[in-house]
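We did not get these values from a lab; they are worked out from the coordinates using the rules stated. Worth saying up front: this structure is predicted, and the values here are computed from it rather than measured. Every residue, glycine as well, gets a Cβ built from its backbone with ideal geometry; the counts of neighbours run over all protein chains shown.
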Amino acid sequence: MNVLQWIEQRSGLVSLTTDFLTEDVPGGASYWYVFGSATLFAMILQIVTGIFLTFYYAPSTASAWESTNYIYKDVTFGQFVISLHYWGATAMIALVIMHLLQVVLWGSYKAPRELQWVTGILMLIITLVLGLTGYLLPWDMNAYFASQVAINITSSVPIIGNATQQFLTGGPGIGTLTINRFFGLHVWLMPAALVLLVVAHLVFFRHNGSAGPPVDKDLKKLPQGRFWPDQMLMDAVASFAVFVVIVLLAIFSPPTLDVKADPTQQFIAYPAWYFLALYGLLRLAGQTPAAVTTIANLLATVVIPGALVTFLILLPFLDRNPSRQISRRPWVVGLTAISLVVAIGLSLFSQLAIQKEQADAHQGPFAPPVVAAAVTGGGSAPAVNQHGAQVFSQNCASCHQANGLGTPSVFPPLGGNPDVTGPATPVIHTVLYGLAGKKIGGVSYTAQMPAWKTNLTNADIAAVISYVRASFGNKAAAVTEADVAKVPK
Amino acid sequence: MAQAYQDPGTPEEQTRRQFMANATIAVGGIIGLVLTVPLLGSLIPESLLAPDKAAGGSWADIPADQIKALNAKAGTPVKITFSFKYADGYFPPADDEQFVWGIKLTPAQEATFKAKRPDLYTVPSAEIKYPAITAGFVMFSSICPHLGCRYAWDSTVTPNRFICPCHGSQFDAVGKKLAGPAPRGLDPLPFREHDGTAQVTWIQYKSGQPDRLIVAYS
C-alpha cells in the first residue's frame, strides 16, 4: 500500500484510475455492454502481436513475402503469432460491428452521446483501413491482386481519383513504395489515430456515463450497478471468450501464405470477408447494361459507400426521435434490419460468385498456371494433383520457384531435370530425407534440400512428387502413397 | 461519488465484490501469460535455440590466382578474398564476400611456429581442433581478436607487422601478439586442398578473451 500511496502523492494516477472505475451502471451490469470492451481487447491484441511481427517483417518487394514466409516457416511460434494477428483482425471487425449494432438498437448514440458515436464511426473506418492496408503486406498473389482492385477503385473517384491512387501507391502502379506506404499506414499512422480516438471515446463515455438499457426513463432512478468490479468482470469474461476463440482458430485454422506476388500471372483476387458486401455491389454494377456501367460503377464504389459513411456519422443528428425504446423507433430499427439483410445477401452473393469463378478457372483458360499445370499435366486424378500443386506452392516454391526452375547454382531446377523424371525411388528418398552436396547434371548447388518426412504426410509427398513429375514440362509417372511408404532411409 | 458506491453493502456483498475484482485481474493475468510465451519465444534466435544447426561450417573455394600470388611471396602475408553462400535471415542464400590473411611460411617460420604460438597448442581453452598449418600455409581470420575490427599487414613499419587501427594491437607474421590490448594471437582458420582447389572455412571466434569460442561458421 505504501508504494501505491507514494505513486498517488506524486502522480495522482491511483485516484485517476479509481475515479474512472467507480462508475454507475444504470439498471446493473450486463453482458449486453461487453462489445466495446471486447473490441478494445481485440485492438490491444492486434497492437501487441503486430509489434512482434515487425521484429521480422520488412516492407519491400524484395523482402515482404520472404520475411512473411520466414515468420511462417522458421520463426519459433511465428505461425502462431501471425495467425493470432490474422484472426484477431477478423475478431476486431466482427466485434466493432456487434458494438455498433448494439448501440444502434439501444439508441445509445442519442444526445448527449453524439461525439461518442462520431468517434466510434471514425474508429470503424480506421479499423477497415487497417484491414485493407494489412491485406497487402504479405505480398503474395492474393495480397497483390486484391490490393490492385482496391486501389483501382480509388482511382475511379472523379477528378481526384488519379491523384489519390498515385498518392496511395507512391507512383503509377503498385510496387515497393506501395508496400512502404501501406506499412506506414498500417503500423504507425492508423494505430496511432486509433489509440487517440479510443482515449477520446472513453473520456466521452466517462463524461456521459453508461447509457443503460433502452428505456424512456430517468436513468438516475433505475437501480445502479457498479462498473468495477461487476461490469469489468463481465467484460473480462467476454474478452477471455474472444481470446479463446482466436487462439483455437489460430491453432487449428491458421492462414496460409500463397506464392509470392507475380504481377504477370492471372489470379482471381478475393477480398477479406468484411469487404465482400462492397465487392458484391461492384460485381452487380459490372452486370448492368454497357450504357450505364460507368455510372453504376461510380455508384457502387464511391457514391453508395460514401453516402453510407456520411449517413452513419450524421445519424445522431438526423434521428430526431427522442425515444430510445426499440418498439418506438421503427425507422432506424427497420433500416438497420434491411441494411443487415442487404449486406449479408451481397456478401453471400460475392462469396458464391468467387467460388464459382475459382472452380471454373481450374478447368478453363484462365486457370492460374500452377493449378493449370496440375490438371493438364499428369496421368493421375486432377484432385490429387491440385493437392500436389498446393503442397508445392506452400513448401517447395520458395526455393524451387513457382515455375520449377529454381535458382542457378543454389536451388536446382525441377523442370527438365532427369533426376526428377527418372526412377521414382531416389526422388521419394530425396523428398523424405533431404539431399546435400550432390551434383545434378554436373552442376553443384549450394543449398540443402531439407528432409520433409516429419513435416509432410506420405500422401502429401506422393501428391507433390506426382505434381512435380507432371509439371514444368515433365511427363513422368505419378507415385502413390504406398510407393512413398516403401522407401527406406 | 457515484450512487452505486455510496452504500458499502453487506459483508457478503463485499466478499463477493472482492472475489469479482480478483477474478477480473486473474482473467487478465491468464491472457497475458498465454501471450507472453509465444510472443517472447518468437524473438529467441535460432542460433540460441539450436546452436548445433549453426555448427559444422562449409568449405569456400579460394581463387587459384590468389594462391599463386601467396605462394610466390613466402614469408609475407597476403590478403585473400573469397566468397561463400550465406543465408542472411529471410533472404535466399547469396554470395557473401569475405577475406583472410594468408601466409606461406618460410621453412624457418614453419620450424618455430609451434614455439611462437603456444596459445594454439598448450592452452586447452584456446586450442584449435584442426591443423594451423596445412602444406605450409596459414590462413588467419581477418578479425582482430581484441574487439572485432579488421587489422591489416603494414609493410611501411620496420619490422613489418599486422596492426589493428582501432586500438593498436600488433601481431607478427605468424600471428603472435607483439603489443596492444588483444587478449590472444591471431586465429588460424581450417584450410585444405580439395580436387586441386584451395579451400578455407570461415569461422568467427568470440573476441575480447584469451579463449577461442566459436560464434558462427560460414
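Give the order of A:ILE440, A:ILE313 when sorted by the count of other beta carbons within 10 angstrom, beginning with the fewest. Don't skip to the end; give the middle numbers.
Values: A:ILE440 15, A:ILE313 18.
Going from sparsest to densest Cβ surroundings: A:ILE440, A:ILE313.
Which value, in Å³ per residue, describes the convex hull spanned by the Cα atoms of the protein assembly as shown? Each step should come with its number before you reach the end.
On the way: hull volume 176.4 nm³, N = 707.
Considering the Cα atoms of the protein assembly as shown, their hull volume per residue is 249 Å³.
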- Message: Using a 10 Å cut-off around each Cβ of peptide B:11-17, what is the average number of partner chain Cβ atoms that fall inside?
- Response: 1
- Query: Which of the listed residues, B:SER58, B:SER42, B:PRO11, is farthest toward the dipole's positive end in segment B:7-111, when Lys, Arg count +1 and Asp, Glu count -1 at the beta-carbon?
  - Reply: B:SER58
- Message: Rounded, prolate or oblate for segment A:164-314? Axes are the square roots of the Cα gyration tensor eigenvalues, ordered a ≥ b ≥ c, and the cut-off for rounded is a/c under 1.5.
- Response: prolate
- Taking A:LYS356 as the anchor, which lysines have their alpha carbon closer than 29 Å to its alpha carbon, excluding any fewer than eight residues away along the same chain? A:LYS260
- Show which lysines lie in cross-link reach of A:LYS439 when reach means a straight Cα distance below 17 angstrom and same-chain residues fewer than eight apart are skipped. B:LYS85
- Message: If R₀ is 56 angstrom, what is the calculated FRET efficiency for the pair A:GLU357 and B:PHE99, using the beta carbon separation as r and rounding to 0.05?
- Response: 0.50
- State whether segment A:1-90 is rounded, prolate or oblate according to the following rule on the C-alpha gyration tensor (a ≥ b ≥ c being the square roots of its eigenvalues): a/c under 1.5 gives rounded; otherwise a/b larger than b/c gives prolate, and the remaining case gives oblate. oblate
- Message: For A:ILE125, B:ILE62, which order do you get if you count the other beta carbons within 10 Å of each Cβ and list the fewest first?
- Response: A:ILE125, B:ILE62
- Two-site FRET efficiency, B:ALA115 against B:THR81, from Cβ-Cβ distance with R₀ of 35 Å, rounded to 0.05: 0.70
- Output for segment B:141-195 (equivalent-ellipsoid semi-axes, sqrt of 5λ from the C-alpha gyration tensor, Å, descending) is 21, 14, 10
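Please report the antiparallel percentage of the DSSP beta bridges confined to chain A, to the nearest 5. Provide the component values of the computation, followed by the final result.
Details: 8 of 8 bridges.
Once the DSSP bridges in chain A are tallied, antiparallel ones form about 100 percent.
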- Query: Among B:PRO92, A:GLN355, A:PHE35, whose Cα sits farthest toward the positive end of the charge dipole of the protein assembly as shown (+1 at Cβ of Lys/Arg, -1 at Cβ of Asp/Glu, about the Cα centre)?
  - Reply: B:PRO92
- Query: How high is the relative contact order of chain B, given as a whole-number percent (alpha carbon pairs under 8 Å, six or more residues apart)?
  - Reply: 18 percent
- When the C-alpha atoms of segment A:27-264 are aligned to their principal axes, what extent does each axis show, in angstrom, from largest down? 67, 48, 23
- Query: Structure shown: which of A:LYS73/A:LYS453; A:LYS438/B:LYS104; B:LYS129/B:LYS176 lie over 22 Å apart, alpha-carbon to alpha-carbon?
  - Reply: A:LYS438/B:LYS104
- Note on the structure: B:ALA72 and B:ALA179 label points (each 7 Å along its Cα→Cβ direction) are spaced in nm at 3.3 nm
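Mind checking B:37-49 for the average number of partner chain beta-carbons within 10 Å of each residue's beta-carbon? Walk me through the numbers before you get to the answer.
On the way: counts 2, 11, 10, 2, 7, 14, 6, 3, 2, 3, 0, 0, 1.
Going residue by residue through B:37-49 and averaging, the value is 5.
Suppose a student asked you for the relative contact order of chain A, using Cα pairs under 8 Å spaced at least 6 residues apart; what percent would you report? Don't skip to the end; give the middle numbers.
Values: 611 pairs, mean separation 80.4, N = 489.
It rounds to 16 percent for chain A.
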- For the pair A:ALA192 and B:ARG150, how long in nm is the line joining their label points, each one 7 Å along Cα→Cβ? 3.8 nm
- Task: Just tell me which lysines come within less than 20 Å, Cα to Cα, of A:LYS110; anything on the same chain fewer than 8 places away is out.
- Result: A:LYS217, A:LYS220, A:LYS221
- Dividing the alpha-carbon radius of gyration of segment B:50-217 by 2.2 N^0.38 Å (N being the number of residues), what value is obtained? 1.01
- Rounded to the nearest 500 deg cm²/dmol, what is the calculated helix-only ellipticity per residue at 222 nm for chain A, with -39500 (n - 2.57) per DSSP H run of length n ≥ 4? -19500 deg cm²/dmol
- Item | Per residue, the convex hull volume that the Cα atoms of segment A:226-331 enclose (Å³) | 236 Å³
- Task: Please report B:TYR217, B:TYR151, A:TYR467 as a ranked list, fewest other C-beta atoms within 10 angstrom at the top and most at the bottom.
- Result: B:TYR217, B:TYR151, A:TYR467
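What's the FRET efficiency of A:ALA451 with B:ASP61 using the Cβ-Cβ distance as r and R₀ = 22 Å, to the nearest 0.05? Walk me through the numbers on the way to the answer.
Details: r = 27 Å, r/R0 = 1.23.
It comes out at approximately 0.25.
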- Roughly what would the spin-label model give for A:GLN166 and A:LEU13, points 7 Å off Cα along C-beta, in nm? 4.9 nm
